[in-house]
Amino acid sequence: MQNILKHLKGDLVIWVITLLMLAFSLITVYSFVPILIKMEGGTPFKYLFKHITYVGISLGVMYWVHKKDAKYISQLSKFGFYLAVALLIFTFFFGTRVNDAGRWVRIPFVGLTFQSSDFARLALIIYISRLLVKKKDLLNNWKEGFWPVVIPIIVICGLIVKDNFSTAAMLFSISLVLLFLGRVPFLKICSLVGGGIALLMFIVLVHKAAPDLNLLPRYETWENRILNQMDDDKDVIANAQALNAQLAIYSGSFIGKGVGDGELKEYLPEAYADFYYSSFVEEFGLFSAILLILLYLILLYRIMRIGLRSDNLFDTYVCIGIGILMLSQASVNMLVCTGIAPVTGQNMPLLAMGGSALMITCLGLGIIQGIAFKQMKSSTVSTDEDNLVSI
């Protein structure tokens, strides 16, 4: 283990937590895929091998990126933003539909799919961070400072919201946090929030008035999920997913049923992703669930620590944005599984079955580790200079 860690630069704690979670994900993916086998066929080994492939690619991406200076990431952020917009537009018209949502793009020849919104989230956070630094003295000016920063948020969130409201809402909220930290005037942020709500309400009204336009193809799904969540007398059939998720947590008790012995995971759609936390508690118990929450909080703390220690504002904004994004995904997954929030599609970072989300998460962590590595090198240089001065 030490021979491996000596080649990994940056924050050692983040590396250890990442490697532990990825290794543990191999166990849970193998255990949580019975529902996928029922629906699509295959064997657990098939999905395990696929996940191992994604884990290997993700670690390779993280390792390669963490050796790069964050200034190169900043320079590529504009290209990343335009690429994200292009992918989202392509998905809008030609996306592969899964579970009535056209969020996926199929990679030719290899048969794999990825969600363009996963890449768009990270691309937007990085691009906003760059713009906040570039426009920091012009943010009071609507034309020269505010709109150039806000328009990318509107474009990305507007393209995502059609098929993935929860991701668009989460990304919009994280963007508001970055705007606040970037010292965008509070009244301007409030105007953005008010305008966003008004625009969404207008689109909803147009959708209801002219349903043939199909502006929001998943609107009825969103409405049903919210109403089912608010209904005290829950319909067992309409709320089967949410009720089974809560029952799985209850049946897990303190120590869980053991690896592979969970029963309700076979009735939870995407037990390996959107309902990961329920399946996890059922098999590993409440104590393990608390440990999992602590690991995410430690990971967030280390990421924030790296960001706040940086002398570069871009590095700070990127770290905070990526850290909040990861914790938000994990929190939403837990809130959905425990019945606190309506059912929505957010998986557990680093633990859910691999794909574009896993690769983008590791890409984000690689960027953070690159920032941490740069801080370590700067600290070493400063120490050497102090030693020379003292001599």
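With a sphere of radius 14 Å drawn around the Cβ of residue 353, what net charge do the other residues whose Cβ falls strictly inside it have (Lys, Arg +1; Asp, Glu -1)?
-1
For residue 144, the shell of other residues with beta-carbons less than 10 Å away shows a net charge of +1, using +1 for Lys and Arg and -1 for Asp and Glu. Other residues with beta-carbon under 14 Å from the beta-carbon of residue 335 carry, at +1 per Lys or Arg and -1 per Asp or Glu, a net charge of 0. Its residue count N sets the reference 2.2 N^0.38 Å, and the alpha-carbon radius of gyration of segment 73-343 equals 1.10 times that reference. Students often get this wrong, so check it: of 68/257; 208/265; 50/162, which have C-alpha atoms separated by over 32 Å? Exceeds cut-off: 68/257; 208/265. A simple packing score, the average count of other Cβ atoms within 10 Å per residue, orders the peptides 165-176, 359-370 as 359-370, 165-176, with the highest score first.
Descending by average beta-carbon neighbour count within 10 Å, the peptides 325-332, 126-133, 278-285, 140-147 line up as 278-285, 126-133, 325-332, 140-147, the highest first. Mean residue ellipticity, 222 nm, helices only, the chain: the sum of -39500 (n - 2.57) across DSSP H runs of n ≥ 4, divided by residue count and rounded to 500, is -24000 deg cm²/dmol.
Laboratory data are not the source of any read-out in this text; all were calculated from the coordinates shown. Computed from a prediction, not measured in an experiment: that's the story for all the values here. Quick reminder, even Gly has a Cβ in these numbers, built from the backbone with ideal geometry, and neighbours come from all protein chains shown.
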